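A quick write-up on the structure given underneath.
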Amino acid sequence: MKSVRLVEFGSSLQWEEKQDPEPKDSEVLLEVISCGVCHSDLHLRDGYYKIGGEEKLFVKDRGVKLPLTPGHEVVGRILKIGSKVSSVSVGETKLVYPWIGCGTCEECESGNPQLCSAPKSLGIYQDGGYSDRILVPDEKWLLDIYDLSPEYACSYACAGLTAYGALKKALPLKKSDSLVIIGAGGLGMFASQLVPLLTEAKVIFLDLDESRLEKLKEIGFYTVPSSHPDPASEVKKISGPLGVSAVIDFVNNSATSSLGFSLLKKNGTLIGVGLFGGELKIPTPILSLRSLTIRGSYTGSPGELKELLRLVSEKKIRPVPVQIRNLREADSALNDLSSGKVLGRLVLSGKSA
Ligand code: NAD
Ligand code: ZN
């Protein structure tokens, strides 16, 4: 088993080779084919989230233990199964649902392990897919990818599912409504792919990187550069002066969340998704007088991921741009993501180990 591991927060990932694990009971060992690189892996490598000013929320205080193999967007081929496994077979290619919980709490029992308060997510609390092997604790976390290719399917486990979960929270929207999406990186690109399937509302993308906005403009979206001196008035030229019905913030720092809040029309909803970090200060009477909602959104459930994979495969929609890298380049892939050099999603190839 060859893996790229986080050994110390704030430091480069390290190559490690060891014996393949043996799957027991309901466990399944997969050969990793593709593993997406998420901006959350960067926050994990840093070891903290910013929470306003100089303050930090440390991932070690949230239960993350090192050494750890990151990677939560994994498609693999089943190599070995434990003695109690009955629903999957050796040789099958599957997407791993990574947002695993304790299995016994109310959220886990109601089909929402992503909301478990004792999370065991793969690539965050347990070893993930920056490797040529991944040990999945139970066969029930393995999903069909239909006719999707592994390098394209893997990022539905996080980027696709998170975009889908956030979009569902913004619905229903009428054709005359406007939806603002801040951030046209991995999550934003998946949202751009899914949003036409879910609503006819006007969709306005904001990002600092104008080349990403150009791509979105080419396929029919409204765009406003975040660097514009007055992005709010540019958005309102498109939405109308009352503002927009919903904002999905895939950046979610102090500046973007405050801008998002200011764009909402009465009864509007701000959905915070990104972990870039910061704080939101709001005038509380505005919240009540304008009947606004501020809410967060975290990944999605196994049921939603199944629903999403079926939808994407049936609709044969425009693929999100994907760049494939060698597993050994995981650390430089993270550096490229950090410096904004990636359009769409970077995917590591487990076979290149
Ligand atoms: P990414 O690096 O692929 O994309 C980030 C995008 O935001 C880039 O296009 C960048 O130009 C843009 N951006 C950065 N600062 C901006 C600003 N101030 N104004 C406008 N645009 C700005 O990242 P990603 O993988 O899409 O992830 C986005 C964020 O969402 C990360 O913080 C990640 O950790 C988080 N995330 C949250 C969840 C969840 O469930 N809540 C799931 C996955 C990722
Ligand atoms: Zn992610």
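The values are calculated or read from the model by the stated rules, or taken from the named source; none is laboratory data. Not measured: the values here are computed from a predicted model. Here Cβ is always computed from backbone atoms with ideal geometry, including for glycine, and neighbour counts include all displayed protein chains.
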_Every residue from segment 61-110 that is surrounded by 12 or more Cβ atoms within 10 Å (Cβ to Cβ) and at positive phi_ = G71, G103
*Report yes if L29 is away from ligand 2 (no atom under 16 Å from the Cβ) and in a strand (DSSP E or B), otherwise no.*
yes
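In segment 35-124, which strands (runs of 3 or more DSSP E) lie fully inside it and hold 2 or more residues that are within 13 Å of ligand 1 (Cβ to nearest atom) and either at pLDDT below 95 or not charged (D, E, K, R) (or both)? Don't jump to the end; show me each part of the working.
Working: elements: 48-50, 56-58, 73-81, 93-96.
By residue number, 48-50.
Would you call S245 assigned to a strand (DSSP E or B) and over 30 Å from L44 (Cα atoms)? Talk me through it step by step, then tell me what you get.
Numbers: assigned to a strand (DSSP E or B): yes; over 30 Å from L44 (Cα atoms): yes.
So S245 fits the description; yes.
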*segment 299-320, residues that are exposed (fewer than 14 other Cβ atoms within 10 Å of the Cβ), of a type outside the set (A, V, I, L, M, F, W, C) and in contact with a Leu (Cβ under 8 Å, 6 or more places away or on another chain)*: K315
*If you check every pair at least six apart or on different chains, which have Cβ atoms under 6 Å apart with a residue in segment 334-353 that is without any contact (Cβ under 8 Å) to a residue 60 or more places away in the chain first and a residue that is polar (S, T, N, Q) and assigned to a strand (DSSP E or B) second?*
S352/N326
*Subset tally (residues that are touching a strand residue (DSSP E or B) at 6+ places or on another chain (Cβ under 7 Å) and either among the acidic types (D, E) or assigned to a helix (DSSP H, G or I) (or both)) for segment 148-164*: 9
*Hey, T269 hits all of (1) more than 14 Å from ligand 1 (Cβ to nearest atom); (2) over 22 Å from the mean Cα position of the chain (by Cα); (3) under 22 Å from L171 (Cα atoms) but one; which does it fall short on?*
(2)
